Amino acid sequence: MSGTFYAGNDVLNNLWQQTKHANPLNVESQSLTTEIDVDVAVVGGGFSGLSTAYHLAEYGLKVAVLEAAEIGAGASGRNVGLTNAGLWIMPEKTEQLLGASQGQKLNQLLIDAPLYVEQLINRHNIDCDFTRNGTLHLAHSKAAVNYLLARQRQLTAYGAKIEFIDRDCAYQKTRAKGYYGALLDHRAGKLQPLKYCQGLAQIAQRCGAKIYTDSAVLDIVKNNNQLVLTTAAGKVKADKVVLATNAYETHLNYAKALYTPLHYSQLATEPLTKMQREHCLPEDNGCWDSGLVMRSFRLDSESRLLLGTVGNIHRQNASGFKYWAKHVLGKTFPELGTLKYQYAWSGKIAKSHNNIPQLLQIDNNILQIMGYSGRGIAGATVAGKEIAEYLTDQKSSADLALPFNQAKIISFNQLRATVYELGSQISHLSDHLIR
């Protein structure tokens, strides 16, 4: 949902789209209009697809990326922009689900993933407004403190530089009222996600990858030993295919039964004044809380305050979302006063059955990666590296930290999505009474 939302005489759009780089690929048109041959075709121009393409091209393979719209048009250009470590589930739960050895490998990969993102940004001078001031996982209740302490213990066992800070310290860092402490992850940071996605496209292209936008893949068929991908105006013959569309699969139908689509929406204010900044995230940490229906807070590079939550915007003027935001920000940052919103947008999360990313072998020549469950930036970046190492025979399937899963078909996944959405909206209404 790209979303143009009207508030009075104001037009509200996706902040990341409005502040992205103008023309990162330095070409006027990238739509596929010919027939080409490559080693690997990647479907999807988001974090997963572009990281895969970059690493494959760096290893010397001939690669093409086919994106249905423009770079980062899906979740990669709509999320909060925090380079958080690990999964939503606890590390010990991952070990239970995958077995101790495989679970430990995956935990280590994803807990170290923010550092790899930072290394990639620094190595290639990716311009994406990156800062590493640490992220804060805020305890929304007294009971949540015990959850965060358990999470700290499990993450620290993997070398994560993470500490629990008490209520007073969390307030000093955020000036956010109503929280009981937080986990501070010193290795995580925040960035402009669409600029980062564009940066991945740039470095992939520099390594030789071909990137085609407005080139939706309509069909994939086998022709002798090759796969033929058809777009509206062209064809790609490939030895291997990587499907990296996540929750934005359009004409193809490989993944839709394997995840539950959830919406996450955000509002961005006008830039805060210097005085307002003293009362709102003065240390510039990216934050999210432990509530069942999560909230997120962060500032962008121009000191706009971004508030996010699970659930869709629904109306063109985002009236319900803004009404909720007025209550939440009024209680959380009461010194800010009246705020005006410049941007409002939403994106879709692909929630897998176990909140673990799903790497699937569709057949011998088609791989699929999906289901980050809201942890896409760092996770998708290292997943692309893993896929590239597998396809270039640097790693066997047994060596992969991200395992090949037998993904479960999620029964009634669209009904589940409706139930989640309804629950989110009810929670937003109840916030006026409870929080």
Straight-line reach from LYS222: which aspartates and glutamates have Cα under 12 Å away, leaving out those fewer than 8 places along the same chain? ASP239, ASP363
If the reach is capped at under 22 angstrom between alpha carbons, list the lysines near LYS93, excluding any in the same chain fewer than eight residues apart. LYS105, LYS161, LYS351, LYS408
Show the residues, 5+ positions off or on another chain, whose built amide H is closer than 5 Å to the amide H of LYS210. VAL63, ALA64, VAL65
Spelling it out for ASP37: with amide H atoms placed in the peptide plane at 1.01 Å from N, the residues 5 or more places away or on another chain with amide H under 5 Å from its amide H are LYS237
Checking the cross-link filter: which aspartates and glutamates have an alpha carbon closer than 12 Å to that of LYS173, excluding same-chain neighbours under 8 positions apart? GLU278, GLU283, ASP284
Only Cα pairs within less than 10 Å get springs; with that Gaussian network setup on the chain, which residue of ALA201, ALA247, ALA144 has the largest fluctuation? ALA144
Relative contact order in percent for the chain (Cα pairs under 8 Å, 6+ apart) equals 25
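Report the extension gain between LYS222 and SER430 in nm, rounded to one decimal, defined as 0.36 nm multiplied by the number of residues separating them, less their alpha carbon distance. Before the final figure, lay out the partial values.
Details: separation 208, 0.36 × 208 = 74.88 nm, distance 5.27 nm.
Here the segment from LYS222 to SER430 would lengthen by 69.6 nm.
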Can you run phi through the Karplus equation (6.51, -1.76, 1.60; θ = phi - 60°) for region 37-48 and list ³J(HN,Hα) in whole Hz, with x for Gly and Pro? 10, 9, 6, 9, 9, 10, 9, x, x, x, 4, 4
Ranked from fewest to most other Cβ atoms within 10 Å of their own Cβ, TRP345, TRP288, TRP88 fall in the order TRP88, TRP288, TRP345
Please find the FRET efficiency linking SER141 to LEU97, where r is the Cβ-Cβ separation and R0 is fixed at 25 Å, and quote it to the nearest 0.05. 0.40
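Return the subset of LYS62/LYS235; LYS210/LYS395; LYS240/LYS395; LYS235/LYS395 for which the Cα-Cα distance in this structure is over 21 Å, preserving the input order. Walk me through the numbers before you get to the answer.
Numbers: LYS62/LYS235 15 Å; LYS210/LYS395 25 Å; LYS240/LYS395 16 Å; LYS235/LYS395 30 Å.
Violating the 21 Å limit, Cα to Cα: LYS210/LYS395; LYS235/LYS395.
Any chance you could run the full-extension gain for GLU35 through GLU283? It's 0.36 nm times the residue separation minus the Cα-Cα distance, nm to one decimal.
Full extension of this stretch gives 84.1 nm more.
Since every read-out is calculated from the coordinates, none of them should be taken as a lab result. Just so it is clear, the model here is predicted, and its values are computed rather than measured. Neighbour counts are summed over all protein chains in view; Cβ atoms, including those assigned to glycine, are modelled from backbone coordinates with ideal geometry.
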